[in-house]
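Colleague: I'd like to ask some things about the structure below.
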There are 2 protein chains.
Amino acid sequence: MEDAAQQPRRRGRPRRDLADADVRRRLIRSGLIFLTEKGYSPVGLDEILRHAGVPKGGFYHYFSSKADFGRVLIAAYHAYFAEKLDRWFLDESLTPLSRLRAFVADAEQGMARHDFRRGCLIGNLGQEMGALPEEFRDLLVSALDGWQSRTARCLRAAQAEGEVASRHDADALAAFFWIGWEGAVLRAKLERRADPLSAFADGFFAMLT
Amino acid sequence: MEDAAQQPRRRGRPRRDLADADVRRRLIRSGLIFLTEKGYSPVGLDEILRHAGVPKGGFYHYFSSKADFGRVLIAAYHAYFAEKLDRWFLDESLTPLSRLRAFVADAEQGMARHDFRRGCLIGNLGQEMGALPEEFRDLLVSALDGWQSRTARCLRAAQAEGEVASRHDADALAAFFWIGWEGAVLRAKLERRADPLSAFADGFFAMLT
């Protein structure tokens, strides 16, 4: 889709591909906003279309169903977040543990920027899983596993630098972090404040030494 | 309502009060099942009425709206869970830290009994808060605060017995526990297995010494 948008326009040919790619991107962007804020079940396609400025009936040109749209949104959020983690965790200007601290600080600022209305799309849908298409389950678990393995690599690097005690199992620590962090995001959204995020992060960093 | 059910039946008078109390209880019991499994938004009153064996149209005799019903369910779940915590945390046959371990083991068994389909009603609705009546927010926060203060008391007792290091702030530990535990329940429900619960509990207990 990105490629289609970058192709030179041919004279006399309508920019249909470009327009399509743009509309699809707008739908995904609006979908991500609504799903991080409200979750999947309570959100109607109508409000997403309205927000994206796409006429009713246009939706099925891009997605075969709400579930198909949901799958695309999970993949888009997973990719967006994995890239965010890589940006922090592969930043060699920081020590490994400072990278994790920088991610936490960035996540806090991100939630504050949206007045703690938006949480984690994967956590939201994970919580709703009892009412979602069963095929979402593996996609959600994979997303968390992907973030967790990145975090484990960062923690192993921190162990190599002596920032995290070697007695810890980095994989177990990373699993612990993501289990608790999703709880912290949930609670920050509920309380509309950063305290649960910093309370969890402070406890987590204190246990690493 | 419980009192009404225990009043002696007067001759010739239909057992209206008794029947009412019973129907109301059945609606609450069914509501708790659906909300712990699916959350609030995706659940229709129809399926709750069907499950409770209450005719359509009967609902508004007992509750003024779905939101009114939701408030009653939050209060019922809060009370049920506070009682469960008191049962464990006030059990003087166990050391204070063993009481917390016993609660964790009981919660794991409880989730396993329902094949990890049911989570925490407060966690579910907390996650959905962006799409719920705003008046639910304080009720959900109060429930968590109530469980947290019980847990802090138990941890302080564990400190008095030397089971938890005195350098810890029991209130901060209890907050940390509930932030992470809600994340663990979410993840156990998503993965349909106990591992996230034991992973979080193991990490938590390891940090207390």
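Colleague: In degrees between 0 and 90, to the nearest 10, how far off the longest principal axis of chain B does helix B:96-113 point, with axes built from Cα atoms?
Modeller: Orientation of helix B:96-113: about 50 degrees from the principal axis.
Colleague: Right, another one. Toward the positive end of the charge dipole of chain B, about the Cα centre and with charges on Cβ (Lys, Arg +1; Asp, Glu -1), which of B:ILE179, B:THR95, B:TYR80 goes farthest?
Modeller: The residue sitting farthest along the positive end of the dipole is B:TYR80.
Colleague: Once both labels are modelled 7 Å past Cα along the beta-carbon direction, what's the A:ASP145-A:ASP91 spacing in nm?
Modeller: 2.9
Colleague: Further question: Find me the longest stretch of chain B that has none of the exposed GluC sites (Glu not before Pro), where exposed means in a DSSP loop (not H, G, I, E or B) with at most 14 other Cβ atoms within 10 Å.
Modeller: Here the longest segment lacking exposed loop sites spans B:1-91.
Colleague: Give me the one-decimal nm value for the distance between modelled label points at B:ARG50 and B:ARG25, 7 Å along each residue's Cα-to-Cβ direction.
Modeller: With each label point 7 Å from Cα toward Cβ, the separation is 2.6 nm.
Colleague: Let me ask another. How big is the equivalent ellipsoid of the protein assembly as shown along its three axes, where each semi-axis is √(5λ) from the Cα gyration tensor, reported in whole Å from largest to smallest?
Modeller: 39, 34, 15
Colleague: While we're looking at this one, here's another question. Run through the other copies and list how far each one's label point is from that of A:ARG29, in nm with one decimal, shortest first; the point sits 7 Å from Cα along Cα-Cβ.
Modeller: Those separations, rounded to one decimal, come out as 5.2 nm.
Colleague: Hey, another quick one. Kindly give the distances from A:ASP91 to its copy-mates, label point to label point, with each label point 7 Å from Cα along Cα→Cβ, as nm values to one decimal ordered shortest first.
Modeller: 4.7
Colleague: Same structure, new question: Would you mind checking segment B:148-183 for residues with the amide N under 16 Å from a putative spin-label position 7 Å along Cα→C-beta of B:ALA102?
Modeller: B:151, B:154-155, B:157-158
Colleague: Counting only other chains, what is the mean number of Cβ atoms within 10 angstrom of the Cβ of each residue in peptide A:140-149?
Modeller: 1
Colleague: Grab the Cα-Cα distance for A:ARG167 and A:ASP138, subtract it from 0.36 nm times how many residues apart they are, and report the gain in nm with one decimal.
Modeller: Full extension from A:ARG167 to A:ASP138 adds 7.3 nm.
Colleague: What residue in chain B has the Cβ closest to the axis turning B into A, and how close is it in whole Å?
Modeller: Spelled out as residue then distance in Å, it is B:GLY183, 1.
Colleague: Segment B:76-116: Rg/Rh from Cα coordinates, Kirkwood Rh?
Modeller: Expressed as Rg/Rh, it is 1.02.
Colleague: Follow-up question, since we're still on this one. How about A:LYS84: which aspartates and glutamates have a C-alpha closer than 18 Å to its C-alpha, ignoring those fewer than 8 places off in the same chain?
Modeller: Within the straight-line cut-off, A:LYS84 pairs with A:GLU92, A:ASP106, A:GLU108, A:ASP145, A:GLU182.
Colleague: Out of the total accessible area of segment A:67-208 (probe 1.4 Å, heavy atoms of protein only), what percent is carbon and sulfur?
Modeller: After summing per-atom areas, the C and S share lands at 49 percent.
Colleague: Tell me, what HN-Hα J-couplings in whole Hz come from the Karplus equation 6.51 cos²θ - 1.76 cosθ + 1.60 at θ = phi - 60° for each residue of segment A:192-209, using x for Gly and Pro?
Modeller: 6, 7, 7, 3, x, 5, 6, 4, 5, 4, 4, x, 5, 5, 5, 7, 7, 7
Colleague: Normalized C-alpha radius of gyration of chain A, against 2.2 N^0.38 Å?
Modeller: That ratio works out to 1.16.
The values are calculated or read from the model by the stated rules, or taken from the named source; none is laboratory data. Just so it is clear, the structure is predicted and the values come from calculations on it, not from any experiment. All Cβ positions, even for glycine, are placed from backbone atoms using ideal geometry, and neighbour counts span all protein chains on display. Note: areas computed on protein heavy atoms with side chains; ligands, DNA, RNA excluded. Shrake-Rupley method; radii C 1.70, N 1.55, O 1.52, S 1.80 Å.
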